[in-house]
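Undergrad: I'd like to ask some things about the structure below.
The values are calculated or read from the model by the stated rules, or taken from the named source; none is laboratory data. Computed from a predicted model, the values in this text were never measured in an experiment. Cβ atoms come from the backbone with ideal geometry, glycine included; neighbour counts cover every protein chain shown.
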Amino acid sequence: MRKLFSLLFCFFLLSLHAQEPEKLNATEIFQEIKKLNFLGSVLYIGAHPDDENTRLISYFSNEKNARTAYLSLTRGDGGQNLIGPELREQLGLIRTQELLAARRIDGGEQFFTRANDFGYSKTPEETLEIWDKEKVLSDVVWIIRNFKPDVIINRFDHRTAGSTHGHHTSSALLSLEAFDAAANSNKFPDQLNFTETHQTKRAYFNTSPWFYGGEEAFQEASKDRFISFDTGVYFPLLGLSNPEISSLSRSQHQSQGFGSTGSRGRQMEYLEPIKGDTIRSQDIFKGIDTSWKKLKDGAKIGEILNEVEENYSFTDPAASIPKLLEAYKLIQKLPNEHWRELKTKEIKNIIYASTGLFLEAVASQASATPKDSVSINLEAINRSDFPVSLSSVELSPNNSKIKAEAELKNNEDWQNEIVLKVPKETPYTTPYWLEEESNNGMYIVKNRELIGLPETPMLTKAIFHLKFSEVSLSFEKPIIYKYNDAVFGETYQPFEIIPEISLAFEDDVIIFENEKSKKVSVKLTSGKANVQGEISLSAGKNWNIKPDNHKFQLQQKGSSVTVTFEVNPPKDQEETFIIPTATINGEEFSEKLISIDYKHIPKQNLVVPSKLKVARLELERKGELIGYIEGAGDVVPESLEQIGYRVNKLNVASISQASLQKYDAVVLGIRALNTVDALKFKQQALFDYVKNGGNLIVQYNTNRGLVTENTSPFPLELSRDRVTDETAEVRFLAEEHPILNSPNKITEKDFENWVQERGLYFPDSWSEEFTPILSMNDKNETPKNGSLMVAKYGEGYFIYTGLSFFRQFPVGVPGAYRLFANMISIGKQ
């Protein structure tokens with residue numbers, strides 16, 4: 001079992017992501033040889049995607065040649081998305097892939113715990129209560145025991161409780177506790193059935209000007225307790241400086257808008273020793289043996305690899321293969337299992353690249369269902385004079401096999417075809433941490449050996465068995481799908497196992513604002529040809545659905561049909577889920593296939609239970625037509641349409657005071673004043689619209705990076721005030737104000753079942769023209785009164801709100817809809 005996990009852990013890069021196969025050039029091969037000859041490792045630990053210091057990761061990986069990894073405790077599920085509408089789990093999936101893209105650039109590896117990013121937290125105590133501290137700690141220990149770092153570097157300071165994000169401080173606290181626990185056999189002893197204890201040598205805190213409030217304060221601060229070194233090194237073989245590589249890596253975080261411009265020259269980094277043997281040296285590996293001599297029977301391997309490095313030919317990398325094979329055979333005899341398996345992986349990849357080998361298994365279609373048969377085109381080519389022969393190729397999971405017995409002569413392409421028969425029990429291609437429904441703080445992962453991995457290990461693969469002279473080596477390659485795009489050329493995507501039928505509602509939430517029935521449509525998409533059956537819907541007992549079922553027939557794979565049901569809600573306010581069930585040949589399906597496709601990451605599939613949240617609300621509204629200015633991405637426009645409004649998305653460049661007059665309200669999307677540059681020229685038109693009787697609703701913006709200083713017609717100062725407890729008491733400061741009474745009477749009940757937070761970036765000072773409506777605060781904090789501000793301006797109303805409607809609408813929180821309807825309706829007869 002230990003060996004199985006180690007293989008999963010070391011070969012996680014061959015996971016379900018599929019991009020163009022890596023083809024190392026001679027310079028990159030030489031860099032890998034240097035890394036092969038270095039037996040030191042660094043684990044960098046933070047809380048979220050984007051917390052990592054890509055300069056340090058690149059520096060240790062490319063300058064020091066150390067095995068370097070970033071452990072992000074979460075997948076960033078609780079943040080915002082600047083490139084699309086995906087939030088929560090889907091956003092976490094995007095950010096996971098962005099981190100992997102970053103690591104492919106800076107040379108690091110990537111790991112995660114099961115912690116769910118539930119949003120901003122003000123204290124580590126709150127964070128660790130929601131996360132389940134012992135489970136997250138066990139995950140950190142598990143990763144340390146398997147990665148076996150010599151050095152741990154914390155992104156955050158363990159001494160800053162209450163002064164920064166609770167997730168940040170928690171990551172540092174857990175890191176230091178895991179430092180000791182990983183070496184203690186009495187801690188999480190169940191893990192020792194799969195791995196062994198490990199004692200990390202030393203731990204550091206990676207400080208920077210950010211922790212001092214700016215560069216000037218940092219320059220003035222004493223640095224006596226720090227070690228420092230220059231990470232601005234230039235790599236002539238790569239033609240890039242380390243900061244340039246770092247910026248390319250950082251720029252992969254596109255969903256967060258973290259595009260970065262490369263720099264050159266001196267870039268100092270500072271580390272504070274905080275645990276272990278705190279040797280004060282610019283070399284964090286000083287006193288740690290990072291040579292092959294550290295291993296029993298390893299000295300000879302080091303001698304051979306030193307010779308390979310000294311005699312390496314950039315014009316003929318294959319000249320190194322005889323010595324590499326000699327070292328490979330010695331590595332197989334190492335008694336140390338960890339280093340044997342790790343270095344076997346590394347040296348095999350170098351041998352593969354040095355021969356110019358290209359091995360590929362391409363499916364004839366992009367996906368298959370369990371029990372399907374798919375043709376797989378195999379290709380193998382050796383682009384060197386070194387003698388390589390292909391013995392056989394087998395497929396997993398069904399173990400189809402062909403014997404090749406082919407000599408791979410220089411640049412002579414070998415191709416063949418084999419059939420993959422997908423077993424009935426093959427699981428769908430979906431992220432392992434999303435297979436079970438998560439709770440607020442933790443993902444549920446039943447398979448111990450998957451914990452820590454960034455992705456699900458590849459489900460379908462081809463194993464090529466080769467001989468290099470007389471040495472047998474096998475290489476696993478994911479089965480992929482590729483096609484020629486008229487614009488982008490050769491395009492790769494994962495080959496995936498999908499359900500026979502996908503059942504997708506047109507909406508995630510449908511709101512019934514009265515007793516009238518609504519049409520509910522379900523789109524059925526076939527995962528294979530010739531699919532037929534019937535579909536029915538089920539819901540709470542007070543909901544009536546007609547007809548009982550629809551029959552369907554889909555002849556072509558990928559074809560779709562939409563069927564419609566009529567849903568009658570109950571008389572009183574009530575919520576339920578509608579669940580679809582398709583029956584095909586006696587087998588029931590209730591899954592939805594979601595595809596996430598952005599150019600900067602591999603295409604991702606997510607298979608989840610299909611369900612539709614429906615809510616019968618006691619809701620009235622005034623007004624009909626809304627103008628919406630999109631910001632950083634949300635589903636507020638679609639949500640307003642759910643309750644009967646007509647919503648036009650506005651082109652900011654073309655708006656004028658006259659063009660806005662037809663709207664009953666104009667709404668700015670989240671962070672619009674941070675992200676829409678054209679608004680700096682249109683604020684006066686918006687204010688004139690209000691002055692002449694309009695209703696302008698501005699949703700939350702951050703107080704940094706505003707495109708205009710004029711966020712409001714009256715003085716209004718944004719702050720970083722927020723209320724992160726979604727259950728925090730909400731008090732009414734202006735109980736008689738129309739916004740709490742018309743057309744819907746707002747009560748405490750309307751603030752029940754909110755998710756993730758109450759709101760964020762509230763104003764903390766304002767002019768007398770504003771009326772604060774609500775008061776709320778997190779535990780042990782002063783009241784925050786700026787979550788909903790209303791000002792009469794001329795004949796109209798200006799409303800600023802930091803309440804997180806953008807999180808409440810997608811999950812159908814009734815009170816959020818009722819309050820927003822009042823905001824739109826204010827001032828209307």
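Undergrad: Could you check the range 592-637 for strands (runs of 3 or more DSSP E) lying wholly inside it with 3 or more residues that are modelled with pLDDT of 90 or more and farther than 30 Å from Ser656 by Cα?
TA: Once the strands (runs of 3 or more DSSP E) in the range 592-637 are filtered for at least 3 residues that are modelled with pLDDT of 90 or more and farther than 30 Å from Ser656 by Cα, what remains is 604-609, 612-616.
Undergrad: While we're on this one: Of the conditions (1) surrounded by fewer than 19 Cβ atoms within 10 Å (Cβ to Cβ); (2) within 30 Å of Ile94 (Cβ to Cβ); (3) in contact with a Lys or Arg (Cβ under 9 Å, 6 or more places away or on another chain), Leu238 satisfies every one except a single condition; which number is it?
TA: Looking at each condition in turn, Leu238 falls short on (3).
Undergrad: All but one of (1) modelled with pLDDT of 95 or more; (2) closer than 27 Å to Ser255 by Cα hold for Glu641; which doesn't?
TA: (1)
Undergrad: So Val707 clears everything in (1) more than 30 Å from Glu752 (Cα to Cα); (2) at pLDDT 95 or above; (3) in contact with a helix residue (DSSP H, G or I) (Cβ under 7 Å, 6 or more places away or on another chain) except one condition, right? Which one?
TA: Unmet condition: (2).
Undergrad: Let me ask something else. I'd like to check something: does the range 322-333 contain any residue that is farther than 24 Å from Ser41 by Cβ and assigned to a loop (DSSP other than H, G, I, E, B)?
TA: The answer is no, given that none of the residues of the range 322-333 is farther than 24 Å from Ser41 by Cβ and assigned to a loop (DSSP other than H, G, I, E, B).
Undergrad: If you scan the range 488-511, which residues turn out to be among the hydroxyl-bearing types (Ser, Thr, Tyr) and buried (at least 21 other Cβ atoms within 10 Å of the Cβ)?
TA: Correct list: Ser502 only.
Undergrad: Limited to the range 76-113, what total is found for residues that are in a loop (DSSP other than H, G, I, E, B) and either surrounded by fewer than 24 Cβ atoms within 10 Å (Cβ to Cβ) or without any contact (Cβ under 8 Å) to a residue 40 or more places away in the chain (or both)?
TA: Here the count works out to 11.
Undergrad: How many residues does the range 153-186 hold that are without any contact (Cβ under 8 Å) to a residue 60 or more places away in the chain, under 16 Å from Glu129 (Cα atoms) and either of a type in the set (Ser, Thr, Tyr) or in a loop (DSSP other than H, G, I, E, B) (or both)?
TA: Matching residues across the range 153-186 total 3.
Undergrad: Which count do you get for residues in the range 13-60 that are at pLDDT below 60, assigned to a loop (DSSP other than H, G, I, E, B) and over 29 Å from Tyr312 (Cα atoms)?
TA: Total satisfying the criteria: 3.
Undergrad: Let me ask another. I'd like to check something: does the range 695-703 contain any residue that is farther than 22 Å from Pro810 by Cα, in the same structural domain as Ser804 (by TED's automatic domain parsing) and not aliphatic (A, V, I, L, M)?
TA: Taking every residue of the range 695-703 in turn, at least one turns out to be farther than 22 Å from Pro810 by Cα, in the same structural domain as Ser804 (by TED's automatic domain parsing) and not aliphatic (A, V, I, L, M).
Undergrad: Something else now. Condition (residue is assigned to a helix (DSSP H, G or I), under 29 Å from Lys557 (Cβ atoms) and not aromatic (Phe, Trp, Tyr)) applied to the range 422-436: is it met by at least one residue?
TA: Among the residues of the range 422-436, at least one is assigned to a helix (DSSP H, G or I), under 29 Å from Lys557 (Cβ atoms) and not aromatic (Phe, Trp, Tyr), which makes the answer yes.
Undergrad: Residues of the range 363-388 being closer than 21 Å to Pro21 by Cα and surrounded by fewer than 18 Cβ atoms within 10 Å (Cβ to Cβ), which ones?
TA: Scanning the range 363-388 gives Ser364, Gln365, Ser375, Asn377, Glu379, Arg383.
Undergrad: Mind checking which residues of the range 665-707 are in a loop (DSSP other than H, G, I, E, B), more than 38 Å from the chain's Cα centre (by Cα) and not polar (S, T, N, Q)?
TA: Within the range 665-707, Gly693, Gly694 qualify.
Undergrad: Do any strands (runs of 3 or more DSSP E) lying entirely in the range 473-535 carry at least 2 residues that are hydroxyl-bearing (Ser, Thr, Tyr) and modelled with pLDDT of 95 or more, and which ones are they?
TA: Here the list reads 518-526.
Undergrad: Considering every residue within the range 685-702, establish whether at least one is of a type in the set (S, T, N, Q) and more than 23 Å from Asp634 (Cβ to Cβ).
TA: yes
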